[in-house]
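All remarks here apply to the structure that follows.
The values are calculated or read from the model by the stated rules, or taken from the named source; none is laboratory data. In this text the structure is predicted, and so the values were computed from the model without any measurement. Here the Cβ positions follow ideal geometry from the backbone for every residue, glycine too, while neighbour counts run over all protein chains shown.
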Amino acid sequence: MSAAALEVFRARARRVGEQHAAEVDALDETAGARRALSLVAEANLAKLCVPEQWGGAHLDGLASRKDVSCRALCAARYELARHSAMLDVMLVMQGLGSYAISIAGSDPLRASMLPRVARGELIAAFALTEPGAGSDLGMVATRAERVGERWKLNGAKTFISNAGVADFYTVLARTSGAPGDGGKGSLTMFCVPANTPGVSAQRFEVTSPHPIGDVLFDGAELDDGQRLGEVGSGLDTALAVLGRFRVSVAAAANGFARRALEESIAHLKSRTQFGKPLAANQGLGFDLAEMDMRLRAAELLVDEAAAAVDRGERAVLEVARAKLFATENASYVCDRAVQHFGGLGVKRGVLVERLWRDVRALRIYEGASEIQKLLMARELTR
Ligand SMILES: Cc1cc2nc3c(=O)[nH]c(=O)nc-3n(C[C@H](O)[C@H](O)[C@H](O)COP(=O)(O)OP(=O)(O)OC[C@H]3O[C@@H](n4cnc5c(N)ncnc54)[C@H](O)[C@@H]3O)c2cc1C
């Protein structure tokens, strides 16, 4: 039964991509982000980002009612990424931004937020990174101080997807110790509504359409009910969020790359130079073979890792391997596609040019490639 459910989610995502990518991509970033989320919500895909127990999709055995299914999310991201980076990012941010509430929030907080996230009524964001804390979250300096029954939040986050469009941020903040202490036991996560006095956002642009920016906290006051989990449990919660969603980055990378390969094949077959189609040149055909082989390997690595996560296994090695290989490979595949298009490959408005930009950040966020290698090396020598 679960395989059938997976196909239903995959088909829905494909339909949204085929029918609406052009419309979303023609809008400016803020309008595009909002429209993309409303489309994935209307197709009941945002429900994949919330456990069934709290208003999420019925998973038909893909994962427990208390969790989100990595395989379902991967299937949806693959199809959305084949069509539009904005559709893809607006789907996954609903999960990345709300999963800390799913696993660590109080029941009243879950009940008030998660069904609305699943329906696309609230836009979620996940705020870990700071100017001084990227790969090393032990450097987090944003501080939450207890003041009576409440908390006061001060600090700055950067590179936060959905900055300025989000309705709430799940924020990793320091509740004891000092930056550089490793973070274990001294960080705590909070759910911070974007309209809290003292919270502001400043957007900047990155290479691919993606709502992103800085989020600043200037004495923002929070109820203790907005705390996610025990004081000091924040690093574990943040890593659990990344552990559940990271493999879906690899699935999106494969979706972008699959589209680039499809574009390459069509172009090499239709473009004639020196009296024959480009595809008739053995070197270019070998290129397609290499792209296809690597991409299929990346797809299988994602299947393996996502299934292991859904079974509740630790799967650190499987996930890191899939993320590392798929994202690096997507850059390779998209770059070859640009080469196959010649000058058209770098012309704005030609799809492979956009795909080449779309895939670049995936090697950096949710653990850069070097960090995946560190995780793999640690697992292999454990
Ligand atoms: C498009 C985009 C969206 C993002 N969205 C979010 C978001 O929603 N929320 C959020 O919190 N963050 C987000 N980020 C931030 C992202 O998670 C960080 O950029 C990432 O963790 C890397 O941190 P950094 O940029 O500070 O790089 P650094 O940590 O400074 O690393 C720089 C380089 O050094 C390498 N490096 C670092 N440490 C080591 C080491 N020990 N050994 C070998 N190499 C090392 C890294 O791999 C990288 O190549 C986003 C980033 C981008 C680009």
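Numerical summary
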quantity	calculated
Matching residues, segment 300-314, being of a type in the set (Asp, Glu) and out of contact with any Lys or Arg (no Cβ under 8 Å at 6 or more places or on another chain)	Glu304, Glu313
Residue in segment 198-206 that is within 16 Å of the ligand (Cβ to nearest atom), assigned to a loop (DSSP other than H, G, I, E, B) and at negative phi present	yes
Cross-chain or 6+ apart pairs with Cβ under 8 Å, segment 269-282 first and in the same structural domain as His340 (by TED's automatic domain parsing) and in a helix (DSSP H, G or I), then basic (Lys, Arg) and at pLDDT 95 or above	Leu278/Lys269; Leu278/Arg271; Ala279/Lys269
Qualifying residue in segment 353-367 (condition: over 20 Å from Glu299 (Cβ atoms) and away from the ligand (no atom under 16 Å from the Cβ))	yes
Residues that are of a type in the set (Gly, Ala, Ser) and within 26 Å of Phe245 (Cβ to Cβ), drawn from segment 334-382	Ala361, Gly367, Ala368, Ser369, Ala377
Residue in segment 207-224 that is more than 22 Å from Tyr365 (Cα to Cα), more than 16 Å from the ligand (Cβ to nearest atom) and assigned to a helix (DSSP H, G or I) present	yes
Residue within segment 318-329 that is under 17 Å from Val249 (Cα atoms) and either of a type in the set (Ser, Thr, Tyr) or in contact with a His (Cβ under 6 Å, 6 or more places away or on another chain) (or both) present	yes
Leu6 being touching a residue at least 24 places away in the same chain (Cβ under 8 Å) and either part of a loop (DSSP other than H, G, I, E, B) or under 17 Å from the mean Cα position of the chain (by Cα) (or both)	no
Answer residue from segment 139-167, given it is over 15 Å from Leu128 (Cβ atoms) and either within 25 Å of the chain's Cα centre (by Cα) or within 16 Å of the ligand (Cβ to nearest atom) (or both) and is surrounded by the most Cβ atoms within 10 Å (Cβ to Cβ) among those	Val165
Subset tally (residues that are surrounded by fewer than 21 Cβ atoms within 10 Å (Cβ to Cβ) and over 23 Å from Arg174 (Cα atoms)) for segment 188-209	6
Tally of residues being of a type in the set (Gly, Ala, Ser), touching a strand residue (DSSP E or B) at 6+ places or on another chain (Cβ under 6 Å) and assigned to a helix (DSSP H, G or I) across segment 71-116	4
